[in-house]
1. Within straight cross-link reach of B:Lys62, meaning Cα distance under 18 Å, which aspartates and glutamates are found once same-chain residues fewer than 8 apart are removed?
2. For a 21 Å ceiling on Cα separation, which of these pairs sit above it: A:Lys311/A:Lys332; A:Lys123/B:Lys229; A:Lys37/A:Lys323?
3. Angle between the Cα long axis of helix B:181-195 and the longest principal axis of chain B, 0 to 90 degrees, nearest 10?
4. Please turn the phi angles of the stretch B:294-307 into ³J(HN,Hα) values with the Karplus equation 6.51 cos²θ - 1.76 cosθ + 1.60 (θ = phi - 60°), one per residue in order, whole Hz, x for glycine and proline.
5. Normalized C-alpha radius of gyration of the stretch A:66-128, against 2.2 N^0.38 Å?
6. In square nanometres and to one decimal, what's the mean projected area of the convex hull around the Cα atoms of chain A?
7. What is chain A's relative contact order, in percent, from Cα pairs under 8 angstrom and six or more apart in sequence?
8. Taking each label point as 7 Å beyond Cα in the direction of the beta carbon, state the distances from B:Ser30 to the same residue in the other copies, shortest first, in nm.
Protein chains: 2
Amino acid sequence: MGKRVDPFDVGEEKIDYNKLIKDFGTESISKVKNLPKGISAFEKDLVFSHRDFDKFMDAVKKGKKVAILTGANASGSLHFGHKLTFDSVIEMQKKYKIPVYIPISDDESYVFDKVKNQKDGLKNARLIAAQMIALGFDMKLTKMFIHQQYTDIYNFAIKLSKKTTNSTIKAIYGFNDSRNAGEFFYPIIQSADILCPQLDVFGGKKHVMVPIGIDQDPHVRLSRDLAHKLDLIKPATYHMKFLSSLQGGGKMSKSKEGSAISLSDDPSKAKKAIMKAFSGGRDNVEEQRKKGGQPEKCVVYEYLEKFFEDKKEIKKRFEKCTKGKLLCGECKKDLAKFTEKYLKTFQAKVKKAEKNVDKYLIK
Amino acid sequence: MGKRVDPFDVGEEKIDYNKLIKDFGTESISKVKNLPKGISAFEKDLVFSHRDFDKFMDAVKKGKKVAILTGANASGSLHFGHKLTFDSVIEMQKKYKIPVYIPISDDESYVFDKVKNQKDGLKNARLIAAQMIALGFDMKLTKMFIHQQYTDIYNFAIKLSKKTTNSTIKAIYGFNDSRNAGEFFYPIIQSADILCPQLDVFGGKKHVMVPIGIDQDPHVRLSRDLAHKLDLIKPATYHMKFLSSLQGGGKMSKSKEGSAISLSDDPSKAKKAIMKAFSGGRDNVEEQRKKGGQPEKCVVYEYLEKFFEDKKEIKKRFEKCTKGKLLCGECKKDLAKFTEKYLKTFQAKVKKAEKNVDKYLIK
């Protein structure tokens, strides 16, 4: 593999998506002929790669048994990067009435050192569960569980573990023996998550789709390999493009201060971060007026396009910007206003959802 | 380590106990000054080695918080080899009112290929649970659980996993990367078992003792290492001598036909196996009458001594045998009679206990 993009460490540089497709041996989404209509992620070109997504959509359209699997590491609150993926799932769920499974991996957060202790992992997991509800999943069609609470996932992992040698884990994840034993076992738990919708207890064999960042693709590879060995249907996936860091120059990340907007950030803090964001503007106002802005490298533009404006609105903004009729400060103010408003509404929903979390969690 | 004695593969040869003590770096039980009185395992010299057993007995005698941990792999019914260990625990429990913890590891059976599938593992585990009750544990003082049912043990294992590198697992267990991922993780689950009596949910820090065959000592080493890292009390252990195969020439084993008497064997089948057992008798009756028998190498004598006769009775038998007044057939008949009677009574108790198993299992 050329560029190192593994599930546990994503680099800083701008991503070359065609190279990633080649490196990971996936397919370009542009080749899929039966993309779902009216789903923002596809309309807005936020997806670049896939495995068997065409087969999954075929199953959806033929009315076969299907499910979407989408989860989160409980390292902290969800951020806008997650929201992109979950919004695409919510739209798919709404349009096609697809059952969704949401495992929240607080064990992963602990073994990979993202939380201080398991208690903090569980606390984050419960916040995330409330955030999932607030994002708008149809909870009647959604099965959500937290690993520390639904420990039965361990039994399924044990089944899968027998079909996986340590060499395979090393080859897929690049681990060496200085990794802790939980890190080594975690890929098996992840595969158990991805394949669990096909368990008898969850209605048996079905087409499962797992939309993820390509940095998580090793998990999909392992689970596809295991599906083959267990006579299950290989899960499909589509890979979302990364959301840029607010500061520019790489993928947004929870672990870098000022890089990400968390869904639990104080709206005024988010506003401040946005006002300092990388906009790709010219050196000064005169030059901006003369040459026009550069929306193709502007993070503010990217966020407005991905989260807040429809095709028509964003096209208008693009034109105004490139013609020098829009200054970066104005775009930042717009993005800050949208974001502030969104966060206020969303956080009120989360507060309400927190009271009902146990109603929706499988234990 | 000289002789290879690991938890997953015990050799055939006669065991040199002094060499084992040296190889495993344990202490001879003969050096312990505060051995419990009136416990058959010690009266009959069935224990040869230990770690911190003196400290454990000290804690018992000072009225400190203590527990005994003793479990079983759910590879099939318990056999007489297990019974020896459990009887020693039951006597200790009765004498000192010690809480006992019994994890039954049906996950171990599956990942180490001792059962065809997890369902069979669970079935065996439930039989073992009933056998444990029938053996005579004081169930008011006993906490028993099956891994596939009490999956919360996974959470504690995750805590421990973070303190153990893959290198450590390899060094202690001699695994290579062709082992499956479940085998690699299982030692962590074992340590979780051994240390679980010290969990807050089970009453917090206490002195734990885990009587085992020395082939299981790597588990104790790992858990002692982890106890140290987690500021828990290092578990103590004593090592039982191996029970010989009925056919002679090595440790009794469930996996070798005719080698072991299972506690679920049909009494008449057990009788037949005993009548074919290795007795160490002379070539013919005349020689036996002339030279006397060789109880020190007789498996029939060993079983009579370990399971059915008290000091006085066995001494009498020894004398009669060595003087040529007892033929092997007579001893075999005695052992067969005792065993048949024991199995009938025991199996009736198991049948009754099977109905109450769920009452006693933590889930």
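1. B:Asp52, B:Asp54
2. In this structure, A:Lys123/B:Lys229; A:Lys37/A:Lys323 lie more than 21 Å apart at Cα.
3. In chain B, helix B:181-195 runs at an angle near 90 degrees to the longest axis.
4. 10, x, 5, 10, 9, 5, 4, 4, 4, 5, 4, 5, 6, 10
5. Details: Rg = 13.0 Å, N = 63, 2.2 N^0.38 = 10.6 Å.
Ratio of Rg to 2.2 N^0.38 Å for the stretch A:66-128: 1.23.
6. Computed as one quarter of the Cα hull surface, the answer is 18.0 nm².
7. Working: 599 pairs, mean separation 73.1, N = 363.
Result for chain A is 20 percent.
8. 8.2
The values are calculated or read from the model by the stated rules, or taken from the named source; none is laboratory data. Since this is a predicted model, take the numbers as computed values, not measurements. Using ideal geometry, Cβ is built from the backbone for each residue, glycine included, and neighbour counts are taken over all protein chains shown. Remember, those area values only see protein heavy atoms, side chains included, never the ligands or the DNA or RNA. Shrake-Rupley method; radii C 1.70, N 1.55, O 1.52, S 1.80 Å.
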